[in-house]
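Take a look at the structure below.
The values are calculated or read from the model by the stated rules, or taken from the named source; none is laboratory data. This one's a predicted model, so the numbers in the text were calculated from it and none came from an experiment. Note: accessible area is taken over every heavy atom of the protein model, side chains too, but ligands, DNA and RNA are not part of it. Shrake-Rupley method; radii C 1.70, N 1.55, O 1.52, S 1.80 Å.
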Amino acid sequence: MFGLFKSKKNLTEMLAILDEHGIRLSSERSIGVLKSEWGEALDNFEALLAAMGDEMLDEETFETKGHHSNGVWHFDTETIEDAGSYVRIAENIARLAAPALDTLGFSDSVDLEEGKAWIEVRDADKVRRHDLRVDDDWVDPAVFTVLGDYLKQAGSEKIIATHGLGQDCLIVCKTPGEIRALNKATGLKFR
């Protein structure tokens, strides 16, 4: 999976290229942490972006300590378990799209047994509910269309783009021109 796009660039060079395209490590993160978690696998853009898009977890409590980068998100499409699953997605898209969706609030409901799920989006005094399809614990991709529509309504030129890795994917939120430039620089296929 991660070996498909072998890079002839070293880690420092790849980080510099990603930095040119607005994807960088958060200020409190270090290359050393990524190396300790991923080791030698950081030899191509897919693996590096997956590492940068992951959350850091507290080793004892498994609570999140934030993301390695606010420019990319490594998302597993089979993580819809209960209430909060779609809020987590919306909050991550808002983080990637900042500040375009900063004024929105999110709530959701997921009942796998009843086969019902929805996300509500609050904008000032308006609340809109969007029903979502339940397919075991797989995400309904319609949530990304819904959030993309809110980006447009906010006047943002950014769009949500994904690069598939199998069951998981990399997600960025950039303008179409920025996505084309990122694809050209990395050899990946964000769409």
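Summary table below
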| read-out | value |
| --- | --- |
| Area accessible to solvent at Val146, 1.4 Å probe radius, in Å² | 20 Å² |
| Percent breakdown of C-alpha pair distances by 5 Å bin, ordered from the shortest bin, for the chain | 1, 7, 16, 19, 19, 16, 12, 7, 2, 1, 0 |
| The chain, relative contact order [Cα under 8 Å, separation at least 6], % | 19 percent |
| Mean ellipticity per residue at 222 nm, deg cm²/dmol - from DSSP H runs of n ≥ 4 across the chain, formula -39500 (n - 2.57) | -10000 deg cm²/dmol |
| Distance histogram for the stretch 8-91 (every C-alpha pair counted, 5 angstrom bins, percent rounded to whole numbers) | 3, 13, 23, 25, 16, 11, 6, 2, 0 |
| Spatially proximal aspartates and glutamates relative to Lys189 (Cα-Cα < 15 Å; intrachain offsets below 8 disregarded) | Glu46, Asp168, Glu178 |
| Rounded to 10°, Cα long-axis angle of helix 142-153 versus longest principal axis of the chain | 90 degrees |
| Between helix 85-97 and the chain: long-axis angle, C-alpha atoms, 0 to 90°, nearest 10 | 50 degrees |
| Leu188 - accessible surface, heavy atoms, 1.4 Å probe, Å² rounded to 10 | 10 Å² |
| Residue with peak Gaussian network fluctuation, the chain [Cα springs, cutoff 10 Å], from Lys152, Lys126, Lys116 | Lys126 |
| Nearest 10 degrees, 0 to 90: helix 11-20 Cα axis against the chain principal axis | 50 degrees |
